1. What FRET efficiency would be calculated for the residue pair Val212, Lys79, taking the C-beta separation as r and a Förster radius of 56 Å, to the nearest 0.05?
2. Between Glu114 and His89, what FRET efficiency comes out of the Förster formula 1/(1 + (r/R0)^6) with R0 = 25 Å and r the beta carbon distance, rounded to 0.05?
3. Say each of Ala181 and Asn130 gets a label point 7 Å from the Cα, pointing the same way as Cα to Cβ; how far apart are those two points in nm?
4. Arrange the peptides 56-63, 289-296, 165-172, 87-94 so that the one whose residues have, on average, the most other Cβ atoms within 10 Å appears first.
5. State which entries of Lys155/Lys210; Lys45/Lys273; Lys155/Lys293 exceed 24 angstrom in Cα-Cα distance in the structure shown.
6. Using 7 Å Cα-to-Cβ label points, what is the Asn99/Thr43 separation (nm, one decimal)?
7. Would you please classify the overall shape of segment 97-142 from the alpha carbon gyration tensor, given that a ≥ b ≥ c denote the square roots of the eigenvalues, rounded means a/c under 1.5, and beyond that prolate means a/b larger than b/c while oblate covers the rest?
8. Rounded to the nearest 10 Å², what accessible area does Ser119 show when all protein chains are kept and the probe is 1.4 Å?
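The values are calculated or read from the model by the stated rules, or taken from the named source; none is laboratory data. Since we're looking at a predicted model, the values are computed, not measured. Neighbour counts are summed over all protein chains in view; Cβ atoms, including those assigned to glycine, are modelled from backbone coordinates with ideal geometry. Accessible surface is based on the protein model in full, side chains and every heavy atom, while ligands, DNA and RNA are left aside. Shrake-Rupley method; radii C 1.70, N 1.55, O 1.52, S 1.80 Å.
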Amino acid sequence: SPLTFVVPGPIASAPAEAGAKMQALMGMFGGAAKKYTGSFSNTNKPVEAEKHYLRPAPGGGGEGQVHMLIMAIDYKQTKSPLTCSMDGHNMEKLAEACNISDCVAMYELDCQKEKVIESIEAIGARCGENDYIVFYYSGHGTSIADQDGDEADGKDEAFCFINEEGQVTSKTLLRDDDFAALVARVTPPTARILIMSDCCHSGTIADLSKDVWGTREVVSISGCLDEQTSGDMGRGGICTHSVLLSVDRLQDAGTSDYSVGMLYNITLNFDDKVFNSAQNITIQCNSSVTPDKIAWPLTPQKEYVAPLTALAAKKGVKPQVPDAPTGSSDAPAAPAAESMDLDPEALAALGINPQLVQFVNTTGIVESLGAQDLVKKGLDLFQKTGGSKACAIQ
């Protein structure tokens, strides 16, 4: 029997109207209304998602512009390479679909600490009072000794940038305290800021509990908790692909105006149902905002298809209605979705090395073990390891 994987599809079956699709989304992923004080943090559970903001995003009919800085590093010169440039290029395509004219993408040797700081200062200088800045980082993250006593675990988190030789050293790390101070220094007090980090040790990498953020509305979505490592699939990070699938499905529902909370809730569902991921996707907000009170800024203004949706369509999948969100007591017993054959191209899209595919095909291990047993063993290993690769610095 062929190897298969499950791809959830559109929220409502055709020919349902866009309004009905969005209503279905709210029913499944709306979360529960709660009151929060101080900064907000949530790990792997649905949040309040109904729109409670006064300023829609520019793509949803609001004022202002969206500025975007993409940083993605493959670490080709190190012993711990990743495939993060795929994440970066995928985010560039999303930015293009969202008609974002101010999008700066930095890869490999562009991502030296000094150059990144200069880019953050430059994009901050272009940010107006009603604007968004989206910071997207895909790469290694690490934990280092806390320098000011603000971390409960005694460790700061840091982005792992590189030097001119492509190596990660203690001098190339950008500590979360320094990142927060830098962004707050160069952005207006009314700015809206989204920080997306698909890297390990990233749960509190934006330090949103700090007073330095002031009245800015700041949200961080990260690939895992501080003590976890983020999954790299060989064709991009799990968190990134889950976000892209969510944007795709929300466009299918006919909406371009929804909260960060809505996007986060659907992202959790894809992380769980498509990738069967052992990592947690974390959302944090500073004290000025909660996930329902800030609009999601990356809404396509033209047709957008997520990479894995495009792969599924190429393979002839006819997706059906997805499960209820992660953490919901109303989740059905089994997902209503189709499956598709995994040829080498599809396996590679799921992060299985093409050389391994060739090895499997030539050794006959599939026939001797059985395809379904092979998949089960692979998923068991994936969950035990978190689907990750070792960090450059531990």
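1. After rounding, the FRET efficiency stands at 0.95.
2. Working from the Cβ atoms, E equals 0.55.
3. 3.4 nm
4. 289-296, 87-94, 56-63, 165-172
5. Cα-Cα > 24 Å for Lys155/Lys293; rest within.
6. 4.0 nm
7. Judged from the Cα gyration tensor, segment 97-142 comes out prolate (a/c at least 1.5, a/b above b/c).
8. So the heavy atoms of Ser119 present about 30 Å² to solvent.
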